[in-house]
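> Shown below is the structure under consideration.
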Amino acid sequence: MLIVDGLTKHFEGGKGITDVSFTVNQGEVFGFLGPNGAGKSTTIRHIMGFMKPDKGHVSIKGLDSWSKHSEVQKLIGYLPGEIAFIEGMNGKEFLTFLADMQGVDSSVKRARLIERLQFDASTPIRKMSKGMKQKVGIVAAFMHDPELIILDEPTSGLDPLMQQTFIELVLEEKAKGTTFLMSSHSFTEIERTCDRAAIIKEGRVVALNNMHELQSMQRKLVVIVFERNDDAKQFALTSGLPIVSQGDSRVTIAVQGNYNELIRRCANFEIRSIDVTAQNLEDIFMHYYDQKENAL
Amino acid sequence: MNLPLLKLMLKINMKGVSNYAFGSAFYIVIMFWLYPGIADNSGALNDLLASMPDGLVSAFNIQGGFGSMEAFISGEYYGLILPILLSIFTIMVSTGLMARLVDQGSMAYLLSTPTSRRRIAMTQASVLAFGLLMILLITTAAGYLGYFWFIGDRYEFDSSRFLLMNTVALALFIAIGGISFLVSSVANDEKKALGLSGAIVFGMFGLDMLGKISENVEWLRFASLFALYQPSEIASGGGNPLLSSAILLAVGIVAFAAGIVSFSKRDLPL
């Protein structure tokens, strides 16, 4: 469906992407993970044909996305990372205009999506909140039943309940055979929908795996609070698990795939609470990044 | 051309176009209304003009004097107010049609539909050209209206010279529109596009004025498209307005084409 092959683009000031390659198969939900500024949006801009690569190419169903950009767009639904609509319109007018430009009668699906995402489409765009713009953007990307939907940070600005609705929406479309490319800086967001994911860092793809593999590579920090301070000390000394920090009755452990061992060790002690802390992407895959760097 | 986009852009820009068009029409009607009072004293006013330095008179395009209606209107409107008005319109609209959409990012939506960049740019260019045409058509029509209302057969009025003045004005602003459109098409930043086209257009306007004030720096005018637009010469039947129009139109078409082509080939930071 989508082939990104050796994509390279350098900007003034040293930023850019180098030799980015991955393939997204028909009917697959592909995650594109990376911290802010890693090159996710730059890659997506090339896929959309907004930029000409220095080297390499992107093709969608065999069509080059730069030289055949207007034909390629028939296959794509797109949600930009930073949404900007045309000024002086309301949501409904904008969506109708876009449907005219897309050349597809999508009024039925559009109405259904608006109802699903629960927003007032007649709100003027300049009065819309970030989340509301995001919803209009999602409708715009889905309404014309494209074969490939490209979403740049789709859930930013959405509340948790709407994030859930969004995930359901993606899974329904996937069941119909729609292909997705979804970028994110949050692993949990990708985890729930994607089959495979690529991790990009400083403009290079550092990992390309299916979701199960990524989940087992994932490094989580688990905070265990023991009933007794002595237990905490005892645990830290004897468990053999990598201790990140320790204080009074609290021990923080880095876990990477070895959940069973953690549970077994903990079972010997009285435990007051367990917390899994949220981490940024680099921390989650720190171990993995380190290995890569050492290998180079 | 893309029809939905054309419709939307005309709708968005129609208010601006009609504001400029009616402002311009109103002004020209007032000028026609004022003329009879001035014409009766034209002898005294022409003496006054004669007593002023030649350079200053020609810089403000009032050397035509007050002897005929078209001479009067060429000095009082076509020489200074109209070019300034249309320059502002052209700079604002050309920036709004391209650079603003790229700067804000809404161009991403236009490009995510199955329309080529070339067609989008052509549509936007035609909106600017259409706006200029509308303003000048309404201005010309208002001139005739003023003539029938206030002048009639009482004073001299050469209708073909008046039409030529409007034609050259349109050609001039197609050329200037083309240049601002080119600037707007290659800019990523709305403010930079606005600043650069403003500097180019008003720079050329200034060069033409300076060149006329002093013969020592007359060569400055060769760098200015405004040199090809001399309403007072046309009013007195001189100059070569058709050749000027042809050159200006050619410059305009080349500049618009360059804008469209460079937009369709460049990297967009969307």
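> Kindly indicate the residue of the range A:199-240 that is within 21 Å of the chain's Cα centre (by Cα) and free of Cβ contacts under 8 Å to residues at least 12 places away in the same chain and also surrounded by the fewest Cβ atoms within 10 Å (Cβ to Cβ) among those meeting that condition.
Per the stated criteria, the residue is A:His212.
> Look through the range A:243-291, keep the residues that are within 23 Å of the chain's Cα centre (by Cα) and at pLDDT 70 or above, and return whichever of them is least open to solvent (accessible area, probe 1.4 Å).
Of everything passing the filter in the range A:243-291, A:Val255 is least open to solvent (accessible area, probe 1.4 Å).
> Something else: Can you list the strands (runs of 3 or more DSSP E) lying wholly within the range A:10-89 that have 1 or more residues being at pLDDT 90 or above, more than 10 Å from chain B (Cβ to nearest Cβ) and open to solvent by less than 70 Å² (accessible area, probe 1.4 Å)? Give the derivation first.
Working: elements: A:16-24, A:29-33, A:55-60, A:76-79.
Counting at least 1 such residues, we get A:16-24, A:29-33, A:55-60.
> Continuing with the same structure: Scan the range A:97-117 for residues that are without any contact (Cβ under 8 Å) to a residue 24 or more places away in the chain, out of contact with any helix residue (DSSP H, G or I) (no Cβ under 8 Å at 6 or more places or on another chain) and not small (Gly, Ala, Ser) and jot them down.
Matches in the range A:97-117: A:Val108, A:Arg112, A:Glu115.
> Let me ask something additional. Scan the range A:122-137 for residues that are in a loop (DSSP other than H, G, I, E, B) and among the hydrophobic types (A, V, I, L, M, F, W, C) and report the count. Steps first, please.
Quick first cut of the range A:122-137, residues in a loop (DSSP other than H, G, I, E, B) only: A:122-123, A:128-129.
Among the residues that remain, those that are also among the hydrophobic types (A, V, I, L, M, F, W, C) are: A:128.
Count: 1.
> Going through B:Ala71, B:Ala99 one at a time, which residue ends up being surrounded by 22 or more Cβ atoms within 10 Å (Cβ to Cβ) and at pLDDT 95 or above?
Details: B:Ala71 fails: at pLDDT 95 or above.
After ruling out the rest, the residue left standing is B:Ala99.
> Residues that are within 29 Å of B:Phe148 (Cα to Cα): which helices (runs of 4 or more DSSP H) entirely in the range B:60-124 hold 2 or more of them? I'd like the intermediate steps shown before the answer.
Details: elements: B:69-73, B:81-97, B:99-104, B:107-111.
Where helices (runs of 4 or more DSSP H) fall fully within the range B:60-124 and carry at least 2 residues being within 29 Å of B:Phe148 (Cα to Cα), they are B:69-73, B:81-97.
> Follow-up. Given the residues B:Gly178, B:Gly198, B:Gly211, which is the only one that is open to solvent by less than 30 Å² (accessible area, probe 1.4 Å), in a helix (DSSP H, G or I) and free of Cβ contacts under 8 Å to residues at least 24 places away in the same chain?
Details: B:Gly178 fails: free of Cβ contacts under 8 Å to residues at least 24 places away in the same chain; B:Gly198 fails: free of Cβ contacts under 8 Å to residues at least 24 places away in the same chain.
Exactly one residue qualifies, and that residue is B:Gly211.
> Determine whether B:Leu137 is farther than 17 Å from B:Ala258 by Cβ and in contact with a helix residue (DSSP H, G or I) (Cβ under 9 Å, 6 or more places away or on another chain). Write out each step before concluding.
Numbers: farther than 17 Å from B:Ala258 by Cβ: yes; in contact with a helix residue (DSSP H, G or I) (Cβ under 9 Å, 6 or more places away or on another chain): yes.
It is true that B:Leu137 is farther than 17 Å from B:Ala258 by Cβ and in contact with a helix residue (DSSP H, G or I) (Cβ under 9 Å, 6 or more places away or on another chain).
A quick yes/no check of all residues on (1) under 30 Å from A:Glu71 (Cβ atoms); (2) open to solvent by 10 Å² or more (accessible area, probe 1.4 Å); (3) assigned to a helix (DSSP H, G or I); (4) hydroxyl-bearing (Ser, Thr, Tyr):
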position: A:Val108; (1), (2), (3), (4): yes, yes, yes, no
position: A:Glu115; (1), (2), (3), (4): no, yes, yes, no
position: A:Asp120; (1), (2), (3), (4): no, yes, no, no
position: A:Val139; (1), (2), (3), (4): yes, no, yes, no
position: A:Leu158; (1), (2), (3), (4): no, yes, no, no
position: A:Leu161; (1), (2), (3), (4): no, yes, yes, no
position: A:Glu173; (1), (2), (3), (4): yes, yes, yes, no
position: A:Phe180; (1), (2), (3), (4): yes, no, no, no
position: A:Ala197; (1), (2), (3), (4): yes, no, no, no
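The values are calculated or read from the model by the stated rules, or taken from the named source; none is laboratory data. All values reported here derive from a predicted model rather than from experimental measurement. So basically every Cβ, Gly included, is an ideal-geometry build from the backbone, and we count neighbours across all protein chains shown. Note: accessible area is taken over every heavy atom of the protein model, side chains too, but ligands, DNA and RNA are not part of it. Shrake-Rupley method; radii C 1.70, N 1.55, O 1.52, S 1.80 Å.
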